[in-house]
Amino acid sequence: DAKTTQPPSMDCAEGRAANLPCNHSTISGNEYVYWYRQIHSQGPQYIIHGLKNNETNEMASLIITEDRKSSTLILPHATLRDTAVYYCIVRPYNTDKLIFGTGTRLQVFP
Amino acid sequence: GAGVSQSPSNKVTEKGKDVELRCDPISGHTALYWYRQRLGQGLEFLIYFQGNSAPDKSGLPSDRFSAERTGESVSTLTIQRTQQEDSAVYLCASSPVNLQGNIQYFGAGTRLSVL
């Protein structure tokens, strides 16, 4: 299974961009990168996913390096409600489950 | 529309008792997943359903754990003879089909406390 490495915690000022890195150096060519977040006492919430190209939606942008060994989730204008644990997940092609690590705890401060 | 619904939201039980946790997936979602999250940790996969069949039960921690799904809808996770180490939040997710690039939608979970 491809594994991911994320910093355990990060801080970000409200209104600034939050850039959350993720390393996945053993990723295979047909494996997607997913980002979920979990706000305290809630179930995980899907944010974005991608394969090779950069992706953007109403919540965030996902930048994947050309060699696909790392990616960055960008929250363009962080708010206090973005305080959560952010999980970067590489879903193995031949499996049906998401394998969660310990994620990055993002604290947005006023 | 309605999201994934789990009940009860909280369950307190005594060691040795059986418990049933329920998951109502999003209507029309054929894939359903159960995960467990211990305090301060990430999610552990338990079991996956495609329709009413469970092609992957690899995450069930012991034979005390079982799950079923009926009508390609509601799923029940049963834990027999509960132990204190079973205390955790049990999360259910559903998705339209099981494909790469597909999104899993999670419920709020059931917090199980075994005394």
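The values are calculated or read from the model by the stated rules, or taken from the named source; none is laboratory data. None of the values given here were measured: they were computed from a predicted structure. In this analysis, Cβ positions are derived from the backbone assuming ideal geometry, glycine residues included, and neighbour counts consider all displayed protein chains. What goes into the accessible areas is simple: the full protein's heavy atoms, side chains included, and nothing from ligands, DNA or RNA. Shrake-Rupley method; radii C 1.70, N 1.55, O 1.52, S 1.80 Å.
So the values come out like this:
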quantity: Which of A:F109, B:F49, B:F106 is most accessible, then next, and so on - probe 1.4 Å; calculated: A:F109, B:F106, B:F49
quantity: Directionally averaged projected area (convex hull, Cα atoms, the stretch B:1-64), nm²; calculated: 5.7 nm²
quantity: Anisotropy class of the protein assembly as shown from Cα gyration tensor, a/c 1.5 cut; calculated: prolate
quantity: Charge context of B:Q83, other residues only, Cβ under 14 angstrom, K/R +1, D/E -1; calculated: +1
quantity: Label-reachable residues, the stretch B:24-63, where backbone N falls under 19 Å from a point 7 Å from A:S41's Cα toward its Cβ; calculated: B:37-41
quantity: Charge-dipole axis of chain A as Lys and Arg at +1 and Asp and Glu at -1 on Cβ define it, positive-most pick from A:G50, A:T4, A:T79; calculated: A:T4
quantity: Gap separating the Cα centres of the stretch B:69-90 and the stretch A:54-110, nearest whole Å; calculated: 29 Å
quantity: Sequence of B:R38, A:R16 when ordered by accessible area, the most exposed leading, probe 1.4 angstrom; calculated: A:R16, B:R38
quantity: Area of A:H24 that stays accessible when all protein chains are in place (1.4 Å probe, Å², to 10); calculated: 0 Å²
quantity: Pairwise burial A:B, computed as accessible area of each alone minus the pair, summed, 1.4 Å, Å²; calculated: 1700 Å²
quantity: Hits among aspartates and glutamates - C-alpha to C-alpha of A:K69 under 15 Å, sequence gap 8 or more where chains match; calculated: A:D1, A:E31
quantity: Above-threshold pairs, the threshold being 21 Å between Cα atoms, out of A:K3/A:K52; A:K97/B:K57; A:K97/B:K11; A:K3/A:K97; calculated: A:K97/B:K11
quantity: Over chain A, equivalent-ellipsoid semi-axes from the Cα gyration tensor in Å; calculated: 23, 15, 12
quantity: Heavy atoms of B:T30: accessible area, 1.4 Å probe, square angstrom to 10; calculated: 40 Å²
quantity: Within chain B, percent of DSSP bridges classed antiparallel, to nearest 5; calculated: 90 percent
quantity: Per residue solvent-accessible surface (Å²) - the protein assembly as shown, probe of 1.4 Å; calculated: 49 Å²
quantity: Cβ-placed point charges (K, R +1; D, E -1), dipole of the stretch B:44-102 about Cα centre in debye, nearest 20; calculated: 80 debye
quantity: Kirkwood Rh (inverse of mean 1/r, distinct Cα pairs), chain B, angstrom; calculated: 14.0 Å
quantity: Rounded percent of accessible protein surface that carbon and sulfur make up, the stretch A:26-110, 1.4 Å probe; calculated: 49 percent
